[in-house]
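Visitor: Quick one: structure below, then a few questions.
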Amino acid sequence: PLYLIGDGTTARIHMAGGSLKEIPADGGIVLEEFHKLQNRPVTEAAGLARETCDYGEYHCMFIRTKLAKDADIFDERIVCVHEHIDTALTARKFGYPIYFEPSSRITYLAMAPFMLADLAFFRERWTMEAAESSIAAFASKWGVVDDERSFAPVRKFIFWHQTHVDPLRPTD
């Protein structure tokens, strides 16, 4: 779908399909990910058409039932970082295309205030241990070089979640 991001009253485009760039490097590939039209006004989505893309995100994802029931589509070692990209790469390996569908829209409420009831989930979901374990499994599975070129934005994202969502975690 077209992913919007906001607080429930206003929104911008979070992603209009994901794009991956694989760059050959010593020891494997560097994988760069891009969110098309990220942070653009919703009005810029007018006229977009269904097209293939490289990945979607788990905020909302439509997946063929047959594929979702395949035990190999979801890797239990990749649970915190790039799990959506792993699913897309696996689907592509199985011969399934990935599509962006702009007539379907979802709003990711990442800008809404976090509630105390959310804290336990976020503490479990966004741990550096889970992130590093997922990064290691993803890098090994897909031949991605585990350095700042491929994973600095992800590590920064995890750190942001830890320091901005949990008032009891250190900020350094």
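Visitor: Give me the net charge of PHE34's neighbourhood, meaning all other residues with Cβ under 15 Å from the Cβ of PHE34; Lys, Arg count +1, Asp, Glu -1.
Guide: Local net charge: -2.
Visitor: Further question: Apply the Karplus curve 6.51 cos²θ - 1.76 cosθ + 1.60, θ = phi - 60°, to the phi angles in region 113-127 and return the couplings in whole Hz, x for Gly and Pro.
Guide: x, 6, 9, 4, 5, 7, 4, 4, 4, 5, 4, 7, 5, 10, 8
Visitor: If a/c stays under 1.5 just call it rounded; otherwise compare a/b with b/c (prolate if a/b is bigger, oblate if not). Do that for region 32-171, with a ≥ b ≥ c from the square roots of the Cα gyration tensor eigenvalues.
Guide: Oblate, since a/c reaches 1.5 and b/c is not below a/b.
Visitor: I'd like to compare 41-54, 140-153, 21-34, 72-85: which one has the highest average count of other Cβ atoms within 10 Å, and what's the full order after that?
Guide: 72-85, 140-153, 21-34, 41-54
Visitor: To continue, here is another question. May I ask you to give the solvent-accessible area per residue for the chain, in square angstrom, as obtained with a 1.4 angstrom probe?
Guide: That works out to 59 Å² per residue.
Visitor: Subtracting the Cα-Cα distance from 0.36 nm times the residue separation, let me have the gained length for ASP7 to LEU109 in nm, one decimal.
Guide: Stretched fully, the ASP7-LEU109 segment lengthens by 36.2 nm.
Visitor: Between region 23-67 and region 94-166, what is the separation of their alpha carbon centroids in Å?
Guide: Here the two parts' Cα centres lie 14 Å apart.
Visitor: Pull up the cross-link candidates among the lysines for LYS21, meaning alpha carbon to alpha carbon under 18 Å and not fewer than 8 places away within one chain.
Guide: Cross-link targets: LYS36, LYS93, LYS141.
Visitor: Could you tell me what percent of the DSSP beta bridges with both partners in the chain are antiparallel, to the nearest 5?
Guide: Just about 75 percent of them are antiparallel.
Visitor: So, one more: Once region 117-172 is represented by equal point scatterers at the alpha-carbon sites, with solvent omitted, what log10 I(q)/I(0) does the Debye formula produce at q = 0.24, 0.26, 0.28, 0.29 Å⁻¹?
Guide: -0.93, -1.02, -1.11, -1.15
Visitor: Hey, any idea what % of the chain's accessible area is carbon plus sulfur with a 1.4 Å probe?
Guide: Solvent-exposed carbon and sulfur of the chain make up 56 percent of the total.
The values are calculated or read from the model by the stated rules, or taken from the named source; none is laboratory data. If you're wondering where the values come from, they're calculated on a predicted model, not measured in any experiment. Reconstructed Cβ throughout: ideal geometry from the backbone, glycine too, with neighbour counts over all protein chains shown. For the accessible areas, the whole protein counts, side chains as well, though only heavy atoms, and no ligand, DNA or RNA atoms are used. Shrake-Rupley method; radii C 1.70, N 1.55, O 1.52, S 1.80 Å.
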